[in-house]
Amino acid sequence: MSIPAFGLGTFRLKDDVVKASVATAVELGYRAIDTAQIYDNEAAVGDALAESGVAREELYITTKIWIENLAADKVIDSLKESLRKLKTDYVDLTLIHWPSPDQAVSVAETMHALVEAKKMGLTREIGISNFTVALMQEAVDAVGADQIATNQIELSPFLQNQTVVDFARQNGIAVTSYMTLAYGEALKDATIIEIAARHHATPAQVVLAWALQLGYAVIPSSTKRENLKSNLLAQQLTLTDADMQQIAALERNGRLVSPEGLAPDWD
């Protein structure tokens, strides 16, 4: 997997809040930062990274192209605007944030534009987000699976998205899990709490370790220093096969993110 396994998410964080979160995270050792055009926080993220003193080549920055910018004549200009806000000459990964509603813009059109952006040096890698198997197949048909670094999808103990995961794996496409903690609901689950107690770990560490052990990248967010620090330690936690089986049994198709007018027909 070329993308870092552990990063910082910035969804719903803005202005001084996101600046503080990114600054603290980088200080603690985070090097992968995930943002998006629609988050309206790229400039604040850029400020925090510029002020961090960490060399650009040590950072891994991901942004995502919003649906209004998916057309071939908008992808590159919008990405250049993102770079300006992020105060960098390139991002490491650019994703299609959501598939174009009603396929107003084809997957192929946007993927070809992203390949062009990659050739121009605006992004090191390209990928997709919130793509179903059918949409992933369209992306693969357009540019080849080897061009697609990841599919970033909602994935938690309650929504394990196995159909999409299996297809991604068959095509050598890494899976990035967002909403891994299920808006905090997974931290209240009795099974998760029980496993955490056995390992003298936090529930968040258990859930993140579960995802990491399955080979997914994770991008949890937090505004609290203690949680940012604690989450990082999930990388050092090894769950037993029995733990993993217990968490696998929590699957309930518990999707939390499915915006009307934006969500595709989920698998």
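Its Kirkwood hydrodynamic radius, worked out from the mean inverse distance over all distinct Cα pairs, puts the chain at 18.7 Å. Segment Val133..Glu57, full-extension length gain: 24.0 nm, with 0.36 nm per residue of separation and the alpha-carbon distance subtracted.
Length available on full extension from Gln162 to Thr191: 0.36 nm per residue minus the Cα-Cα distance, which gives 8.4 nm. Got a number for carbon plus sulfur as a percent of the range 1-103's accessible area, 1.4 Å probe? Answer for the range 1-103 is 46 percent, counting heavy atoms of protein chains only. Using Cα-Cα distances under 8 Å and only pairs 6 or more residues apart, what relative contact order does the chain have, in percent? The value is 19 percent. The convex hull of the Cα atoms of the range 47-152, projected and averaged over all directions, covers 6.4 nm².
The alpha-carbon of Lys14 sits under 18 angstrom from the alpha-carbons of these lysines, leaving out residues fewer than 8 places away in its chain: Lys64, Lys85, Lys87, Lys224.
Students often check this: by mean Cβ neighbours within 10 Å, which of 88-101, 113-126 ranks highest, and how do the rest follow?
Working: 88-101: 21.4, 113-126: 18.4.
Those peptides, ordered most packed to least, come out 88-101, 113-126.
Please work out the average accessible area per residue across the chain, using the 1.4 Å probe convention, and give it in Å².
Numbers: 11700 Å² over 267 residues.
Counting only protein heavy atoms, the per-residue value for the chain is 44 Å².
Of the solvent-accessible surface of the range 119-249, computed with a 1.4 Å probe and all protein chains present, 50% belongs to carbon and sulfur. Within the same chain, lysines fewer than 8 places from Lys119 are excluded, and of the rest, those with a Cα less than 17 Å from its Cα are Lys74, Lys80. Mean silhouette area of the range 122-252, derived from the convex hull of its C-alpha atoms and averaged over all directions, reads 8.9 nm².
For the pair Ile38 and Ser2 in one chain, pulling the backbone fully straight at 0.36 nm per residue adds 10.5 nm over the alpha carbon distance. Distance between the 7 Å Cα→Cβ label points at Ser106 and Glu27: 5.0 nm.
The values are calculated or read from the model by the stated rules, or taken from the named source; none is laboratory data. Keep in mind that this is a model prediction, so the values were computed, not measured. Neighbour counts are summed over all protein chains in view; Cβ atoms, including those assigned to glycine, are modelled from backbone coordinates with ideal geometry. Heavy atoms of the whole protein, side chains included, go into the accessibility calculation; ligands, DNA and RNA do not. Shrake-Rupley method; radii C 1.70, N 1.55, O 1.52, S 1.80 Å.
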